[in-house]
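Here the structure is laid out as structure tokens; the discussion comes afterwards.
The values are calculated or read from the model by the stated rules, or taken from the named source; none is laboratory data. Given the structure is predicted, the values throughout are model-derived calculations rather than measurements. Cβ placement follows ideal geometry from the backbone for every residue including glycine, while neighbour counts extend to all protein chains displayed. The accessibility values were calculated without ligands, DNA or RNA, using every heavy atom of the protein model including side chains. Shrake-Rupley method; radii C 1.70, N 1.55, O 1.52, S 1.80 Å.
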Amino acid sequence: MRRKLVAGNWKMNGSLVANAALLAEIKAGAAAPACDVALCVPAPYLAQCQAALAGSAIAWGGQDVSAHTAGAYTGEVSVSMLEDFSCRYVIVGHSERRAYHAESDAVVAQKVLRALEAGVTPIVCVGETLAEREAGQTEAVVGRQLDAVLNVLADADLARIVVAYEPVWAIGTGKTATPQMAQDVHLALRAQLAKKNAAAALEVKILYGGSMKPDNAVELLAMPDIDGGLIGGAALKSADFLAIIAAA
């Protein structure tokens with residue numbers, strides 16, 4: 001059995017005061033979770049997370065990482081910087097990075113390699129837009145995005161990544177893929193992983209990242225190939241986030 005992972009993505013939200021309360025509430029409510037839990041926060045708050053969560057059951061990580069190791073890349077965050085704050089995870093290729101920052105599949109693949117070189121687990125995001133889904137292109141789009149990563153990975157490294165399926169049309173829109181719709185894509189992604197390394201494909205966690213909330217988490221997480229959630233808005237409310245952890 002794959003152990004489930006519930007990872008919060010704070011996106012560009014937070015303040016030192018608000019974070020302190022949120023972290024304390026999550027830490028108290030998830031003292032001994034039956035699943036893995038992580039919080040991926042804006043880079044300025046990594047030190048705060050490290051201080052608040054060290055020694056707890058909750059891991060933390062970044063929301064992005066540079067494809068470069070160091071150098072003249074103003075505003076970028078290198079994987080060695082994430083290492084300095086003991087990050088276990090980093091989100092790579094989120095739909096917002098792809099859309100707003102024009103990140104290509106090739107750049108995402110390089111970011112995955114940088115994370116793995118440092119022993120940080122990349123949460124590799126794939127997903128389709130509403131237009132792509134309506135055109136019947138879902139599997140082709142997510143397949144292309146995942147292939148870009150698989151093509152640069154050594155077979156032995158496959159088990160070191162996490163995949164997150166985020167239907168772009170279901171993020172922040174109030175729409176959610178039905179559990180079966182999500183399961184169908186997760187199953188296709190696992191089949192694609194199996195072509196690379198059949199044994200490792202059974203170990204890779206595939207998270208659902210399309211507006212998972214307390215009221216739909218139980219049904220989604222009951223699906224055989226949905227191994228957790230990449231949680232956006234609900235991760236900013238301790239009660240909601242803890243309810244999803246309980247569902248997992």
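Using mean Cβ contacts within 10 Å as the protection proxy, how do 146-156, 4-14 order, highest first? Intermediate values should be presented prior to the final figure.
Working: 146-156: 16.4, 4-14: 20.9.
Going by the mean number of other Cβ atoms within 10 Å, highest first, we get 4-14, 146-156.
Of the two radii for the range 106-191, the radius of gyration is 0.99 times the Kirkwood radius, both from the alpha carbons; that is the Rg over Rh value.
In square angstrom, what is the accessible area per residue of the range 1-96 with a 1.4 angstrom probe?
Working: 4420 Å² over 96 residues.
On a per-residue basis, the range 1-96 sits at 46 Å².
Taking every protein chain into account, the accessible area of the range 120-175 amounts to 39 square angstrom per residue (probe 1.4 Å).
Around the Cα centre of the chain, unit charges on the Cβ atoms of Lys, Arg, Asp and Glu (plus for the first two, minus for the last two) sum to a dipole of about 300 debye. Coupling constants for the range 27-40 follow from the phi torsions by the Karplus curve (6.51 cos²θ - 1.76 cosθ + 1.60, θ = phi - 60°), and in residue order they are 4, 5, x, 10, 5, 9, x, 8, 9, 7, 10, 9, 10, 9 Hz; glycine and proline get x. Near ALA59, the amide H atoms lying under 5 Å from its own belong to VAL37, ALA38, LEU39; only residues 5 or more places off or on other chains count, and H is placed 1.01 Å from N. One decimal place: the segment ALA47-THR129 gains 26.1 nm when fully extended, by the rule 0.36 nm per residue minus the C-alpha distance.
Report note on the peptides 20-27, 91-98: ranked by the mean count of other C-beta atoms within 10 Å, highest first, their order is 91-98, 20-27.
Roll a 1.4 angstrom probe over the protein heavy atoms and tell me the percent of accessible area of the range 62-190 that is carbon or sulfur.
Numbers: 2930 of 5610 Å².
Carbon and sulfur atoms account for 52 percent of the accessible area of the range 62-190.
Ranked by the mean number of other Cβ atoms within 10 Å of their residues, highest first, the peptides 108-118, 224-234 come out as 224-234, 108-118. The mean sequence separation of alpha-carbon pairs under 8 Å and at least six residues apart, normalised by the residue count of the range 112-248, gives a relative contact order of 23 percent.
Can you show me the helix-derived [θ] at 222 nm for the chain, built from DSSP H runs with n ≥ 4 at -39,500 (n - 2.57) apiece and divided by the number of residues, rounded to the nearest 500.
Numbers: 11 runs with 105 residues, N = 248.
Calculated mean residue ellipticity at 222 nm is -12000 deg cm²/dmol.
Residues in the range 72-82 carry Karplus couplings, in order, of 7, 10, 3, x, 7, 10, 7, 5, 5, 5, 4 Hz; the curve used is 6.51 cos²θ - 1.76 cosθ + 1.60 with θ = phi - 60°, and Gly or Pro positions show x.
How would you classify the range 51-148 from its alpha-carbon gyration tensor, with a ≥ b ≥ c the square roots of the eigenvalues: rounded for a/c under 1.5, else prolate if a/b is greater than b/c, otherwise oblate?
Values: a/c = 2.41, a/b = 1.69, b/c = 1.43.
Prolate, because a/c is 1.5 or more and a/b exceeds b/c.
Label reach from GLU203 (point 7 Å along Cα→C-beta): in the range 141-164, amide nitrogens under 16 Å belong to 153-163.
Simple spin-label estimate for LYS195 and LYS237 gives 4.1 nm between the two label positions (7 Å along the Cα-to-Cβ direction from each Cα).
Residues of the range 45-59 with an amide N closer than 16 Å to a point placed 7 Å from the Cα of ASP84 along the Cα-to-Cβ direction: 45-51.
Only lysines eight or more places from LYS11 in sequence, or on another chain, were considered; those with a Cα closer than 25 Å are LYS27, LYS111, LYS175, LYS205, LYS213, LYS237.
Amide H contacts of GLY228 (H built 1.01 Å from N, in plane; Pro and chain starts excluded): LEU5, TYR208 sit under 5 Å, all sequence-distant by 5 or more or on other chains.
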